[in-house]
Amino acid sequence: MSRRTIYLLIAVAVVLLDRWTKHLVVQKISLYSAIQVIPGFFSLTHVRNRGAAFSILADSASPYRTVFLIGISAISVLILVWLLWKSADLRVITGISLSLILGGAAGNLFDRIAYGEVVDFLLLYYRRWEWPAFNVADSAIVIGGILLLIEALLPQRQSPERR
């Protein structure tokens, strides 16, 4: 199995897991309701985000907000596909990172196209502090980004073979 195939499978797995979990949330948790999982720290909730990360642009009254966010997401997905396809000699960690980001971007792009907003359901909080709700796609994007950052900060081995 080629690395490209593995990277594609990772991205598809992220999209499928994201779609499945969002479907469960929509079916099982009423909008704006929550189920405490770890009291005082973690809940499953059902909210919708019309904006980008951390609800940026969510309050925008512009009729072009959704089109803009779909456009940015679609361009991001195309760039990530191109990077994964074009760079057959990527380091493994880079390929996995880009695959996670691609799967997350595609998962949220699906929501934006289908519903004009993204389903979020993972909520971390402590007393009055609350992290904005997020989903599996968001998690994959963040994990992929962190892996890219770690790779960039670690010293590179001097070897002709990519790892």
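FYI, it's all coordinate maths here, none of it is from the lab. It should be emphasised that the depicted structure is a prediction, and the values quoted were computed from it without experimental measurement. When we count neighbours, we look across all protein chains shown, and the Cβ atoms used for this are built from the backbone with ideal geometry, even at glycine.
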* Applying 1/(1 + (r/R0)^6) with R0 = 41 Å to the Cβ-Cβ distance of Ala74 and Ser2, what FRET efficiency is obtained, to the nearest 0.05? -> 0.95
* Taking the Cβ of Val81 as the centre, find all other residues whose Cβ is under 15 Å away and add up their charges (Lys, Arg: +1; Asp, Glu: -1). => +3
* Show the residues, 5+ positions off or on another chain, whose built amide H is closer than 5 Å to the amide H of Arg50. => Val118
* Would you mind putting 2-11, 135-144 in packing order, based on average other-beta-carbon counts within 10 Å, highest first? => 135-144, 2-11
* Structure fact -> Relative to the compact-globule estimate 2.2 N^0.38 Å (N residues), the Cα gyration radius of the chain stands at a ratio of 1.14
* Asked: Between Val67 and Ile143, 0.36 nm times their residue separation minus their Cα-Cα distance comes to what?
  -> 24.7 nm
* Structure fact -> Given backbone amide H placed at 1.01 Å from N, residues whose amide H is under 5 Å from that of Phe42, ignoring those fewer than 5 places away on the same chain, are Val37, Tyr125
